[in-house]
Amino acid sequence: MNETAPLLVEVTRGDLVESVHRVAACAVDASGHVVYRAGDVEVPVYLRSAAKPLIAAAVVEAGASERFGLEQREIAVIAASHSGEPMHVDAVLSILRKIGADVSALQCGAHLPYDEAAANDRAT
């Protein structure tokens with residue numbers, strides 16, 4: 001199958017085109033054979049935050065949320081990016097306590113919170 005040009009996706013706000021994105025896409029059948037491709041589908045893809053809802057779903061599906069008594073606020077912080085506000089930090093610390101881990105188990109690296117008030121609190 002020949003590779004086709006990347007798909008172009010326009011994000012609009014009313015009549016204004018706010019941004020244009022080149023998208024690579026690939027679809028496979030049940031046996032793993034490519035049935036459609038557009039753009040360079042061999043380029044590495046980093047899921048980053050896009051994987052968080054999938055990870056949260058796996059936590060729930062595997063029974064870990066029930067086993068450790070995770071609350072909705074804790075599932076929410078697993079499922080999405082956050083801005084490092086105190087409520088987010090509290091939820092993460094609560095999860096760590098419940099699973100018997102500490103902050104050394106986190107591998108995301110340290111940086112100031114995106115929330116300006118929380119960043120100012122941490123910087124002082």
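The values are calculated or read from the model by the stated rules, or taken from the named source; none is laboratory data. Keep in mind the model is a prediction, meaning the values are calculated, not measured. Note that we place each Cβ from the backbone using ideal geometry, even for glycine, and neighbour counts take in every protein chain shown.
Within region 59-74, identify whether any single residue is surrounded by 15 or more Cβ atoms within 10 Å (Cβ to Cβ) and touching a strand residue (DSSP E or B) at 6+ places or on another chain (Cβ under 8 Å), and answer yes or no. No - not one qualifying residue is present in region 59-74. Remark: residue 56 matches the filter, which requires a residue to be within 17 Å of the chain's Cα centre (by Cα), modelled with pLDDT of 95 or more, surrounded by 10 or more Cβ atoms within 10 Å (Cβ to Cβ) and among the hydrophobic types (A, V, I, L, M, F, W, C).
Looking only at residues in region 23-37 that are of a type in the set (Gly, Ala, Ser) and assigned to a strand (DSSP E or B), the one that is surrounded by the fewest Cβ atoms within 10 Å (Cβ to Cβ) is 27.
So which residues in region 49-106 are β-branched (Val, Ile, Thr) and in contact with a Phe, Trp or Tyr (Cβ under 7 Å, 6 or more places away or on another chain)? Hit for region 49-106 is 99, nothing else. Assess whether residue 20 counts as being touching a residue at least 12 places away in the same chain (Cβ under 8 Å) and either loosely packed, with under 12 Cβ neighbours inside 10 Å or among the aromatic types (Phe, Trp, Tyr) (or both). For residue 20, the condition - touching a residue at least 12 places away in the same chain (Cβ under 8 Å) and either loosely packed, with under 12 Cβ neighbours inside 10 Å or among the aromatic types (Phe, Trp, Tyr) (or both) - is met. In a loop (DSSP other than H, G, I, E, B), of a type outside the set (Asp, Glu) and not assigned by TED's automatic domain parsing to the domain that holds residue 28: is that true of residue 82 in this structure? Yes.
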